[in-house]
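Heads up: the structure comes next, in structure tokens.
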Amino acid sequence: MRSSINTKPMDLIHLRVKLGAVSLVLLGLLTSNFAYGQGSDQVGQVVVRVREMYTENPLAQVSVQLIRFPDGILGEQFTGSDGGVQFSGIPVGGYTLRAAAQGFQPGEARVDFRRGDSTLQTVDISLRYVEKGNAKTAHGTVSSKDLQIPDNAQKEFERGKRLLNEKKNPRDSIAALQRAIKLFPDYADAYFLLGTAQMQINEAAAAEASLRKAIAIDAHRTAPYYPLAMLLFSQRRFDDEHQLLLSAKSLDPNDWRWPFELARLNAQQGNWEPALAYALEASKHSGAPTRTHLMLADIYANSNRPRDAVAELELFVQLDPQSEYMERVHDVLPVLRQRAASSSPSPH
């Protein structure tokens, strides 16, 4: 795992040490709400979706790199079955997102985070299949529903996407996407992007309705599941979020996000055993971000297992030595090491 940028859309981690039952709380990881609609001078979040150019089918196992000149590659992830990845904790500045996969020409997109911008941006990257003219892609033929979308609806959708991603104008983007939906009521992608835009202007109820509609139209595309889960988490609707994440996990069992979020919602409720099981599951996925080890450290510390918490934090230090959270980790490690030295060996 390589990243000094966090690969999960969440607030900055605030570390604090408490005496008693709760020994370590990484508040940003376990308790922070999804930071939509809030400007930030320090943190940006980008959701990337990679699709085949002609069919619009999502592409899995595509390498997506977050690049900044002259620093080079700051983070790299591989898309899940929905063609999506997320990067977060991105400082103010301009970045290139580069997508590459065998059998496709590489593609790039540009994203800029400015002071006062929304912390959440969405980017689509289309890759062209090398074998031009082939009606099939690595993920099959064009779906019949995709072929039904009229040109005028597609134009409104593209206009809405540009307004949201390039012009940073979510309100006008919403109007364009609503026109696209009026022209083609079963436009799942338009509902997904509409929900994203509504999140940026804090219209939570409307965003939930849009994302649920996207899922109702095409339940097998998991892209809308994640932002909807974040909305439910922000409203502390943990039972609803739990069911949603289980559905997403059954659709795409190779995506680390679902067990990660299941761990987070269980930890938020103090259900440490299932939280640990899900966090360990997430950590085994090849695309899991390094901050998974911060979550494990938090869960171990709250489960009175300081030795295991220390081991996870030390592993995090090895894997991501340039992390912006390293100073906080170094503040916490001596306290945990002291507690580990005075505690009994873990029975696990």
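The values are calculated or read from the model by the stated rules, or taken from the named source; none is laboratory data. For clarity, every value in this text was computed on a predicted model and none was experimentally measured. Cβ coordinates were reconstructed from backbone atoms using ideal geometry, including for glycine residues, and neighbour counts include every protein chain displayed. Protein only, heavy atoms only, side chains kept; ligands, DNA and RNA dropped before computing areas. Shrake-Rupley method; radii C 1.70, N 1.55, O 1.52, S 1.80 Å.
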Give me a comma-separated list of calculated 3J(HN,Hα) values for the range 79-89, in order, Karplus coefficients 6.51, -1.76, 1.60 applied at θ = phi - 60°, integers in Hz, x for any Gly or Pro. 5, x, 5, 8, x, x, 9, 9, 10, 9, x
Treating only Lys and Arg (+1) and Asp and Glu (-1) as charged, each at its beta carbon, one finds that the range 191-254 has a dipole about its Cα centre, in Debye to the nearest 20, of 40
Out of residues 5 or more away from I125 or on other chains, whose amide H comes under 5 Å of its own, with H placed 1.01 Å from N in the peptide plane? R49, V50, R51
In terms of modelled amide H atoms, which long-range or inter-chain residues lie less than 5 Å from the amide H of V62? T79
Counting only residues 5 or more apart in sequence or on a different chain, those whose built amide H sits under 5 Å from that of T222 are D82
Computing the accessible area with a 1.4 Å probe over protein heavy atoms, can you report the carbon and sulfur percentage for the range 148-282? 47
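What shape does the range 267-330 have by the C-alpha gyration tensor, where a ≥ b ≥ c are the square roots of the eigenvalues, rounded means a/c under 1.5, and otherwise prolate means a/b greater than b/c and oblate the rest? Present the calculation step by step, with values, prior to reporting the outcome.
Numbers: a/c = 2.02, a/b = 1.34, b/c = 1.50.
Because a/c hits 1.5 or more and a/b fails to exceed b/c, the range 267-330 counts as oblate.
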Assuming a ≥ b ≥ c are the square roots of the Cα gyration tensor eigenvalues, decide whether the range 226-276 counts as rounded (a/c under 1.5), prolate (otherwise, with a/b larger than b/c) or oblate. oblate
Using a/c under 1.5 as the rounded threshold, could you call the range 145-226 rounded, prolate or oblate? The axes a ≥ b ≥ c are square roots of the C-alpha gyration tensor eigenvalues, and prolate needs a/b larger than b/c, oblate otherwise. oblate
